[in-house]
Amino acid sequence: MTDKNFDDNSAEVPGEGSDAQASGPASQNHDVPQNSDAPQNPDSAEAAAAEGSDDDLTVDDILNAEQIDEAASEDGSDAGIADAEHALLVDLKRLTAEYANYRRRTEEQRHVEVDRAKGEAAKGLLPVLDDLDRAQQHGDLVEGSAFAVIAGKLRAVVERLGVVAYGAAGDEFDPQQHEAIFQQPTPGATTSTILEVVEVGYRLGDVELRPAKVVVAVPAE
C-alpha cells in the first residue's frame with residue numbers, strides 16, 4: 001500500500017462516521033417510547049370502567065339479583081290476586097244481599113197473595129155467616145140440631161182461614177174500623193161508643209174484609 005492510498009482511506013473514514021452520527025439521532029427518535037401519562041379518550045376510559053365493573057360481579061351477585069327480581073314479580077302477582085279476591089268478595093256480598101232481598105220480597109208477596117185468596121174465599125161466606133148470626137138471634141140454632149151442627153162446622157172452616165169477626169156493643173168507636181150508620185145522642189155518654197152492631201165486621205190478618213156497621217152513641221148536647 002502506498003501513502004496515497006492510505007490518505008484516501010483515511011479521508012473516507014470521517015465521512016462514514018458522519019453518516020453514522022447523522023443517522024444515530026434519527027434512529028434514537030424512533031425508539032423513544034410514548035409518555036404513559038398522556039390523556040386518553042374519555043369514552044374509552046368509561047368503557048374500560050364498565051368492563052371492569054362487570055368483571056367485578058360474582059355468581060352470588062347474579063343469583064341475588066335474580067332472586068330480587070323474582071321476589072318483586074311475586075309481590076306484584078300477590079297484589080293482583082289480592083285485588084281480584086277483594087273484587088270477587090264485594091260482588092259475592094252484593095249478590096247475597098240482592099238474593100236475600102229478593103227472597104224477602106217474594107215471601108212477602110206470597111203471603112199477600114195467600115191472604116188475598118183466603119179473603120176472596122171468605123168474602124163469599126160472609127153472607128152465610130150473617131144468616132147464621134140472625135138465626136142464632138132468633139133462636140133457630142137449637143143445640144144438638146142438625147142446623148146447629150152445620151153452622152158450627154162452617155164457622156170452624158172460616159176460623160181456620162184466619163178470618164176474625166170484630167165489633168161489639170160498648171167498644172169505642174173507631175172510624176178506621178167501624179162504619180157509623182147512625183149517631184144516637186145519649187145522656188151520660190162522654191165519648192163515641194158503639195151502641196148497637198148492625199152488621200159484624202170481618203178481617204183477615206191486616207186485610208179488612210168488611211167494616212162493622214154500627215150505631216154510635218154520642219154525648220148529648
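The values are calculated or read from the model by the stated rules, or taken from the named source; none is laboratory data. Keep in mind that what you see is a predicted model, and the values were worked out from it rather than measured. Cβ: placed from backbone, ideal geometry, glycine included. Neighbour counts: every protein chain shown.
Remarks
- Where G124 falls short, out of the listed (1) surrounded by 10 or more Cβ atoms within 10 Å (Cβ to Cβ); (2) within 23 Å of G205 (Cα to Cα): (1)
Okay, residues lined up against (1) out of contact with any Phe, Trp or Tyr (no Cβ under 6 Å at 6 or more places or on another chain); (2) surrounded by 12 or more Cβ atoms within 10 Å (Cβ to Cβ); (3) part of a helix (DSSP H, G or I):
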site	(1), (2), (3)
V164	yes, yes, no
G188	yes, no, no
V197	yes, yes, no
K213	yes, yes, no
V216	no, yes, no
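- V197 meets the conditions (1) more than 59 Å from the chain's Cα centre (by Cα); (2) modelled with pLDDT of 85 or more in every case but one. The failed one is (1).
- Residue count, region 140-160 (criterion: surrounded by 15 or more Cβ atoms within 10 Å (Cβ to Cβ) and either at positive phi or hydrophobic (A, V, I, L, M, F, W, C) (or both)): 4
- The number of residues in region 163-190 being of a type in the set (S, T, Y) and over 28 Å from V207 (Cβ atoms) comes to 2.
- Restricting region 140-162 to residues that are part of a helix (DSSP H, G or I) and over 60 Å from the mean Cα position of the chain (by Cα), the residue that is farthest from G201 (Cα to Cα): A146
- Residues considered: A156, A146, A100, A135. Of these, the only one that is in contact (Cβ under 8 Å) with a residue 12 or more places away in the chain and of a type in the set (A, V, I, L, M, F, W, C) is A135.
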